[in-house]
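Q: Please read through the structure below; I'll follow up with questions.
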Amino acid sequence: MRLFLDFGAISSDTGVSGAAYGLLLGAGQQPTVEYLPASGRREALRRLTGQEQTPVLVTAAGDVISGLHGILAYIERTQ
């Protein structure tokens, strides 16, 4: 499981990236975090999702889930 976050998201849990990380940890998940710069150099994320916004979760099954609401729905489905 990989979680794409904005660089510095963990130092601030007020943004959506930090919130997504916190929700996954609270659900007992241990994602590998890949930090992305605030702008530019997000080609891998664009290839996965067609856009550059974080957070994005890639599950062990290879499912790609974008956004905080999508990640929350994933957590609810898998609990």
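The values are calculated or read from the model by the stated rules, or taken from the named source; none is laboratory data. Nothing here was measured: the structure is a model prediction, and the numbers come from that model. All Cβ positions, even for glycine, are placed from backbone atoms using ideal geometry, and neighbour counts span all protein chains on display.
Q: What are the pairs, 6+ residues apart or on separate chains, where a residue within region 17-36 that is at negative phi has its Cβ under 8 Å from a residue that is among the acidic types (Asp, Glu) and surrounded by fewer than 18 Cβ atoms within 10 Å (Cβ to Cβ)?
A: From region 17-36, the pairs are Ala19/Asp13; Tyr21/Asp13; Gly22/Asp13.
Q: Here is a further query. When you scan the chain for helices (runs of 4 or more DSSP H) that lie fully inside it, which ones turn up with 1 or more residues that are at pLDDT 90 or above?
A: In the chain, 16-26, 67-78 are the helices (runs of 4 or more DSSP H) which contain 1 or more residues that are at pLDDT 90 or above.
Q: Is there a residue being hydroxyl-bearing (Ser, Thr, Tyr) and touching a strand residue (DSSP E or B) at 6+ places or on another chain (Cβ under 8 Å) anywhere in region 36-48?
A: no
Q: Name the residues in region 33-79 that are polar (S, T, N, Q) and more than 9 Å from the chain's Cα centre (by Cα), would you?
A: Selection gives Ser39, Thr49, Gln51, Gln53, Thr59, Thr78, Gln79.
Q: Here is a further query. Any chance you could count how many residues in region 49-77 are surrounded by fewer than 18 Cβ atoms within 10 Å (Cβ to Cβ) and free of Cβ contacts under 8 Å to residues at least 24 places away in the same chain?
A: Total satisfying the criteria: 13.
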